[in-house]
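Enquirer: Before we start, here is the structure in question, set down as structure tokens.
The values are calculated or read from the model by the stated rules, or taken from the named source; none is laboratory data. Since we're looking at a predicted model, the values are computed, not measured. When we count neighbours, we look across all protein chains shown, and the Cβ atoms used for this are built from the backbone with ideal geometry, even at glycine. The protein model used for the area step is the full one, side chains on, heavy atoms only, and it has no ligands, DNA or RNA in it. Shrake-Rupley method; radii C 1.70, N 1.55, O 1.52, S 1.80 Å.
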Amino acid sequence: MKKILVANRGEIALRVMRSAKEMGIKTVAIYSEADRNAPFVQYADEAVCVGPPPSAQSYLQGDKIIEICKSLQVDGIHPGYGFLSENADFVRKVQKAGITFIGPSAEAMDMMGDKLSAKATAKKYNVPMIPGSDGAISDIEEAIKVAKQVGFPLLIKASAGGGGKGMRLVEKESEVEEQMKLAVSEAISAFGNGAVFIEKYASGPRHIEIQLLADNHGNCVYLFERECSIQRRHQKVIEEAPSSVLTPELRKAMGECAVNVAKACKYSGAGTVEFLVDDQLNFYFLEMNTRLQVEHPVSEMITGLDLVKEQIKVARGEKLSITQNDLKINGHSIEVRVCAEDPKNNFLPDIGTLKTYRIPSGPGVRVDDSFTEGMDIPIYYDPMIAKLIVHGKDRTDAINKMLRAIQDYQITGVETTLPFCTFVLTHEAFVSGKFDTGFIPKYFKPEVLNKSNSNEEEVAAIFGAFVASNLTTTSTTQEVQTKGKSKWRLNRA
Ligand code: MV4
């Protein structure tokens, strides 16, 4: 493989190209008119404009992208995440054109993309499932019958959904009919597929996912877990590896289950199996993501692997160079997503110009981004500016490093989610590790980020108090802040 086209934009495009470059592989960027001046475009050996800013006219133009590959003698396409990354029809077209798709087969993608077929496939390997309907439910009578068997509360999920899309909570029998109708019509309009199924609603679970790596020769290893419970409306905010609740035994059991899911669909490349873990530490299969995920860097930090390089090696037909026994967890890693959103204003996108943009650095700090000072954040895409990743010797070290890195991150011109991340990282429930997917709705109110809180000095103050309290604080953020202010000033004096 001599030349790779990255069918994506922003931080992930740049991150993929960096690994390709280290492997001596040439890179091609595609970009929309809105991304003309982006670092990922400049970084590539060649770059081609694919169209106007809207994704449907640019990054989703599969046929056009394949034509560009042909004209530039591209051998492989890396899809990144989002856009065409989980589009099985695109994979088939790429292969038909004689180009290598750096990712799983179209068949594995189809099998896992449909949540009902994913569950049916995983079930053959005795992977634990949340109780619910075995197949699609089409009529109301059947829905009521299954609902009564399963019990309330329950969820109606769209088979073509995923990531929380097309999910409806049903509290009691009288709501089944209405919610079924809504779920089916939503599934038809959103996915062109009205198949829905029912699952018992697991309350207060953790979202823990297993990173996998498989080759085309039947080998598959798990690269441990990522704890992704800190989410807001199904958008992850903070991810870490390892999880503070898994025991070595549970990690092994979940890892082996995930490997079985991969084997069941003859998976190849990097993939992730999502589980819900309840307060009794029972785990249940949710779905499989057939792409490199946004939060993959935390797995790289604790394993020392470069997942993009591994994907490319697998796509070239190589056997995995590692076995499960070679893999060990080294330290602790945390990632925060730095988004141009205003946490004080319901996280509405706050797009604009990055008037100041200085990234943190130093030992154990990694920033994956594709922005420079003075650039505008385009309105057409996800408002994520960067991923800030740290690697420490243990969880406490990683939290302290992240708080320091956030403090060193200088962004003006747009509001960002960084102050919100500081709130989470200093919260007693996060620090103690006792949290679940309900963390944000339970603890976060915009008032906790009073105006001065986003100001650098105050962030520094919170940080100072946090370190001074040696992670044993049980006080509220407000108290920490007041205490911290004097501490920080003292340090400065
Ligand atoms: C669930 C659940 C509770 N019970 N399924 C949301 C994303 C999608 N992958 C599945 N999701 C959930 N499925 C059952 N049977 C709770 C969620 C869920 C959730 C999962 C992970 C992280 C955050 C979440 C927030 C709300 C709901």
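Enquirer: For segment 3-102, build the charge dipole from Cβ charges (+1 Lys, Arg; -1 Asp, Glu) around the Cα centre, then report which of Val74, Ala13, Val48 sits farthest towards its positive end.
Expert: Working it through, the farthest residue towards the positive pole turns out to be Val74.
Enquirer: Which value in nm describes the separation of the simple spin-label points at Lys319 and Ala190, placed 7 Å from the Cα toward the beta carbon?
Expert: Output for this residue pair reads 4.4 nm.
Enquirer: Rounded to the nearest angstrom and ordered from largest down, what semi-axes does the equivalent ellipsoid of the chain get from its C-alpha gyration tensor (root of 5λ)? Spell out each step's value before the answer.
Expert: Values: eigenvalues 226, 187, 104 Å².
Working through the eigenvalues yields semi-axes of 34, 31, 23 Å.
Enquirer: If r is the Cβ-Cβ distance from Lys266 to Asn450 and R0 is 41 Å, what FRET efficiency results, to the nearest 0.05? Write out the running numbers ahead of the final one.
Expert: On the way: r = 53 Å, r/R0 = 1.30.
Efficiency, rounded to the nearest 0.05: 0.15.
Enquirer: Can you work out the Karplus-derived ³J(HN,Hα) for every residue in segment 144-154? Use 6.51 cos²θ - 1.76 cosθ + 1.60 with θ = phi - 60°, whole Hz, and x for glycine or proline.
Expert: With the stated coefficients, segment 144-154 comes to 5, 5, 5, 4, 5, 5, 6, x, 10, x, 9 Hz.
Enquirer: Now for a separate question. Given an 8 Å cut-off on Cα distances and at least 6 residues of separation, report the relative contact order of segment 312-399 as a percent. Let's see the in-between values first.
Expert: On the way: 121 pairs, mean separation 32.1, N = 88.
Result for segment 312-399 is 37 percent.
Enquirer: At a probe size of 1.4 Å, how large is the accessible area of Lys26, to the nearest 10 Å²?
Expert: 110
Enquirer: Further question: Please work out how much length the chain gains when fully extended from Asp376 to Tyr81, using 0.36 nm per residue of separation minus the C-alpha to C-alpha distance, in nm with one decimal.
Expert: On the way: separation 295, 0.36 × 295 = 106.20 nm, distance 2.21 nm.
Contour length minus Cα-Cα distance gives 104.0 nm.
Enquirer: Oh, and also: Please sort 383-393, 156-166 by packing, taking for each peptide the average over its residues of neighbouring beta carbons within 10 angstrom, highest first.
Expert: Details: 383-393: 22.5, 156-166: 20.4.
Packing proxy ranking, top to bottom: 383-393, 156-166.
Enquirer: Multiply the residue gap between Glu178 and Met129 by 0.36 nm, knock off their C-alpha separation, and tell me the result in nm, one decimal place.
Expert: Details: separation 49, 0.36 × 49 = 17.64 nm, distance 2.59 nm.
Taking 0.36 nm per residue and subtracting the Cα distance, the gain is 15.1 nm.
Enquirer: Suppose every Lys and Arg Cβ carries +1 and every Asp and Glu Cβ carries -1, with no other charges. What dipole size does the chain come out with about its Cα centre, to the nearest 20 debye?
Expert: Details: 59 positive and 63 negative charges, 181 e Å.
Approximately 880 debye in magnitude.
Enquirer: Could you work out how far apart the two model spin labels at Lys442 and Arg36 are, taking each label as a point 7 Å from the Cα in the direction of the beta carbon, and quote it in nm?
Expert: Simple spin-label model gives 5.0 nm for this pair.
Enquirer: What FRET efficiency comes out for the pair Lys355/Asp278, r = Cβ-Cβ distance, R0 = 56 Å, nearest 0.05?
Expert: On the way: r = 46 Å, r/R0 = 0.82.
Computed FRET efficiency for Lys355 and Asp278 comes out at 0.75.
Enquirer: For segment 59-128 and segment 374-447, compute the distance between their C-alpha centroids and round to whole Å.
Expert: 32
Enquirer: Mind giving me the nanometre distance, one decimal, between the label points for Leu72 and Glu142, set 7 Å out from Cα along Cα→Cβ?
Expert: 4.8
Enquirer: Can you tell me how much longer the chain between Arg232 and Asp394 gets when fully stretched, taken as 0.36 nm per residue apart minus their C-alpha distance, in nm with one decimal?
Expert: 55.8 nm
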